[in-house]
Amino acid sequence: MNNKITRFFTCALLALAGINYTFATPVTQAQPNIVLIMIDDIGYETITANGGQSYQTPNLDQLAEQGVRFTHAFSQPLCTPSRVKLMTGDSNIRNYIKFGKLARTETTFANLLQKAGYKTAIAGKWQLGTEHDGPQHFGFDESLLWQHTTKNSGTTRPELKHKHDSRYPNPELQRNGKMEYFNQGEYGPDVMADYLVGFIEKNKNAPFLAYYPMILTHAPFEPTPDSKGWDARKWGALKYRGDGDRSYQQKNFADMVTYMDKIVGKITGTIDRLGLRENTLLMVIGDNGTDWPIQSQWNGITVKGAKGMMEDAGVRVPMIVSWPGKIKNGLVSDELIEFSDFLPTMLDVSGTPFPKKYSNDGTSFLPTLLGQPGRKKESVHIWHHTKNHNIEVMVRNKQYSLVKKQHKDKKLELKFYDERLPFQSKELQISRLNKVQQIAYEQLTRRMVDFKKLANKEPKS
């Protein structure tokens, strides 16, 4: 029995029962919609579908059952570098200027999709410059952002005597560059999710790009509206990681993970309700590892958060992609993925031409999603400029990683790790490698040198 006949009999039975129900008619168009959700400060170990044992993530788990779950997706170790790499498709070695900034000379995936006819919106955390027109300049028709026109995370309300965090309860947000103050017990993540729901509803008949760089689950670790300790009258936390001890922070982090997952469910539920699911590529990724005070259980071991650190727990992030009708259900891929791969994938999916000066740092993973051969990525390259002016470079494959640290006094450190067991890196003595390890070491060394030669710019200090 085909879908039309099934719907006819279903509606007839519901009518006999006195129930009036309308099925959403699937919307079809040449270009698929694209929804990209990036979760803030959440490592691979936190998601139940990945083997996480400390938190509940039913909506993400369901997405994994309906699409592809990646086991070797790697970010930058901090948020701004990840955002720059994700949006431009270039390694940070080419275009990273400083924390909280994206050069206005850069072209983003939103610029390219907007030019191809997509309606575009961003909601969440910006952290890429304080220019009022920044989101519009980088290709977004609409925006509702935190940390956009302001550099820091503290409130700008003149009536408050102390500096409160401004992202969660009663937030301060910027709508298309204009400040808005909320004071009726609103929760920042809800305001932003509702904004994107409205955008999707408004543009359901046209191809759209909805980019949601979440503010959850970043510190401060404070109660959510579903927590027992929620106080709708409170302004944001006074302390960076939350106004309580480690156990307080750990408990609230768990609640924040649950709430993050709830919001993912709100977005996916909207897409389902509007009949857009089969024509929407939905991608969920973390921007870097979990913050360092947080400890999580994963497959029987304790994983300590390593945000900001050039190690497995600092750069291995969850990644789930769903596209019913195009992607087989329940696939698990060990393909190597890095943030420069997202821009070429979006262009491939939408049929958008590549810019003439594209760096080719990234490799489209569309063939992987469709179960086709052809994608071959032997290693990923992670370049990190630390606060104290050290430069760290990691080149890694599925089994090994090579990490080079250049200190500001020009001193160099080179370390080689066995990465075959996630979160259980084992440093190897370079002078005592076996034959297999030696081959891997030489391959990663060549990749590190080759990438430096290919870069248009030298690392900035």
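We did not get these values from a lab; they are worked out from the coordinates using the rules stated. Keep in mind it's a predicted model, so treat the numbers as computed, not measured. Here the Cβ positions follow ideal geometry from the backbone for every residue, glycine too, while neighbour counts run over all protein chains shown.
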**Relative contact order, percent, region 32-377 [alpha-carbon distance under 8 Å, six or more residues apart]** = 32 percent
**Cα centroid separation, region 254-312 to region 38-97 (Å)** = 7 Å
**Message:** Relative contact order for region 265-394: what percent, with Cα pairs under 8 Å and sequence separation of 6 or more?
**Reply:** 18 percent
**Message:** I'd like the distance between the alpha-carbon centres of region 364-421 and region 106-160, rounded to an integer number of Å.
**Reply:** 29 Å
**Asked** For region 158-169, what does the Karplus curve 6.51 cos²θ - 1.76 cosθ + 1.60, with θ = phi - 60°, yield as ³J(HN,Hα) per residue in whole Hz, taken in order and with x for Gly and Pro?
**Response** x, 7, 8, 7, 10, 7, 9, 5, 10, 9, 9, x
**Prompt:** Using the Cβ atoms and a cut-off under 14 Å, what net charge is assigned to the surroundings of Tyr187, where Lys and Arg are +1 and Asp and Glu are -1?
**Reply:** -4
**Request:** Name the residues whose placed amide hydrogens come within less than 5 Å of the amide hydrogen of Gly129, ignoring near sequence neighbours (fewer than 5 apart) on the same chain.
**Result:** Leu102
**Request:** Collect residues whose amide H, placed 1.01 Å from N in the peptide plane, falls under 5 Å from the amide H of Glu338; neighbours closer than 5 in sequence don't count.
**Result:** Phe74
**Request:** Could you pull out every residue, at least 5 positions away or on a different chain, whose amide H is within less than 5 Å of the one on Gly89? Hs are placed 1.01 Å off N in the peptide plane, and Pro or chain starts have none.
**Result:** Leu343
**Item:** Karplus-derived HN-Hα couplings along region 94-110 (A = 6.51, B = -1.76, C = 1.60, θ = phi - 60°), whole Hz, x at Gly and Pro
**Value:** 8, 9, 6, 9, 6, 4, x, 9, 10, 4, 6, 7, 7, 10, 10, 4, 5
**Prompt:** In region 228-296, which chymotrypsin sites (Phe, Trp or Tyr not before Pro) are in a loop and have at most 14 other Cβ atoms within 10 Å, using DSSP for the loop call?
**Reply:** Tyr240
**Asked** At 222 nm, what helix-only mean residue ellipticity would the chain give, in deg cm²/dmol to the nearest 500, using -39500 (n - 2.57) for each DSSP H run of four or more?
**Response** -8000 deg cm²/dmol
**Message:** Among (i) 34, 28, 23; (ii) 56, 24, 19; (iii) 59, 34, 29, only one was calculated for this model; which label is it, if the read-out is semi-axes √(5λ) of the Cα gyration tensor in Å?
**Reply:** (i)
